[in-house]
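Below you'll find the structure, written out as C-alpha cells, and then a few comments.
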Amino acid sequence: MNEMTDHFPPALFTFFEAMPRQGPGDDAVTAALFDRVRPLLPGPGERAIDAADMGCGSGAAALVLARKGARVTAVDPHGPFLDALAAAARKRRLGQRIATRRASMIDPGLEPESLDLVWSEGAVFTVGFDAALAEFRRLLRPGGVAVVSECSWLRRDPPEAAADFWADAYPGMRTVGGNLLACEAQGFRFLHAQVLPPEAWERNFHRPAEAVAERLRPGADPDMAAMIDEQTAEIALFRAHHEAYGYVFYVVQKPG
C-alpha cells in the first residue's frame, strides 16, 4: 500500500490479487478492437506501435497488445499487480515488449505526445472519466487513438435496484451518449463504441470471482466477509439487470 492506493481497503487488493483479471473483459474483444484501430494509428512504416495500458491491473489487455506487436507501457499504482504482469510477460516471452510503471494513470510520468495508442479497460472510474481522457489526449501523438472501457447506462430508465446500487457505488456513471459528449468535450473525434457482451462478464469475471469468494470465505475477517458479500451482490445485480448497464468500449481519436 502507498499514497496512490491507501484509500482502498486492504481486503479489496487481497480479493483482486487472486483474480485473473480485475474487471470484466475478454481477450478476443481486446484483440479484435486492436486490429480495428491499428490501421488508423500514426506510427510510420514498420515501427512498433507505442502503447500504454492505463490502470492495467495484472495486465490482461497489455499481454494481448504485446502479443499483437505493440510496445506497451503498463501503468498501475499497485505493485503486486505489476509483479504478476511482469511474470506473465516473461512466461509468454513478451518481456521485451512490456515495461511496467508504478504510477497513477493521470500522472504516469510519460512524455507528451509519446504514444500512438492509449488503452484502458474498466479502470478510469478510479480517477474520473474526464480527467483520464484529458491525460490520454496529452500523451497521444496527433492522430493517436484511445480505447477506453467504462461502465455505462445502456438505458435512461434503469430498474430501481440497479439505479440505487450505482447511485452509491458510482454516482458519476453516465449514459453512452453522455460519455460520447464528454469525449468530444476533451477534443476527441468519435470512431466507434461497442458493449462488452454479458457472456464475457460471466466467463471471465463473475465465475472466477465466485471461485475466489468460495476460497476466501472460510475464516474471513469482517472486512473480507464484507468484500465477498459486496462482490456477490454485484454479480447477482448484473445477472438480473445486464440490459440496463454494462461496460462500453469508447474508441476515440486525437485530431491529427
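The values are calculated or read from the model by the stated rules, or taken from the named source; none is laboratory data. Keep in mind that what you see is a predicted model, and the values were worked out from it rather than measured. Backbone-built Cβ (ideal geometry, glycine too); neighbour counts: all protein chains shown. Each accessible area value is taken on the protein alone, full model and side chains, heavy atoms only, with ligands, DNA and RNA left out. Shrake-Rupley method; radii C 1.70, N 1.55, O 1.52, S 1.80 Å.
Assorted remarks:
- Among the residues of the stretch 31-61, those that are touching a Lys or Arg at 6+ places or on another chain (Cβ under 8 Å), buried (at least 19 other Cβ atoms within 10 Å of the Cβ) and assigned to a helix (DSSP H, G or I) comprise Phe34, Ala60.
- Members of the stretch 140-157 found to be open to solvent by 30 Å² or more (accessible area, probe 1.4 Å) and not basic (Lys, Arg), listed by number: Pro142, Trp153, Leu154, Asp157
- Residue within the stretch 15-30 that is open to solvent by 60 Å² or more (accessible area, probe 1.4 Å), of a type in the set (A, V, I, L, M), out of contact with any strand residue (DSSP E or B) (no Cβ under 9 Å at 6 or more places or on another chain) and not in a loop (DSSP other than H, G, I, E, B) present: yes
- Of the residues making up the stretch 100-136, those that are under 11 Å from Asp53 (Cα atoms) and open to solvent by 50 Å² or more (accessible area, probe 1.4 Å) are Thr100, Arg101.
- Conditions (1) of a type in the set (A, V, I, L, M, F, W, C); (2) modelled with pLDDT of 95 or more; (3) assigned to a loop (DSSP other than H, G, I, E, B); (4) surrounded by fewer than 18 Cβ atoms within 10 Å (Cβ to Cβ): number failed by Ala87: (3)
- Whenever a residue of the stretch 1-26 is more than 17 Å from Met54 (Cα to Cα) and at pLDDT 80 or above, its partners that are open to solvent by less than 20 Å² (accessible area, probe 1.4 Å) and among the small types (Gly, Ala, Ser), lying with C-beta atoms within less than 7 angstrom and at least six residues away or across chains, give the pairs Met19/Ala209.
- Scanning the stretch 158-199 for residues that are among the aromatic types (Phe, Trp, Tyr) and crowded, with 17+ Cβ neighbours inside 10 Å turns up Phe165, Trp166, Phe188.
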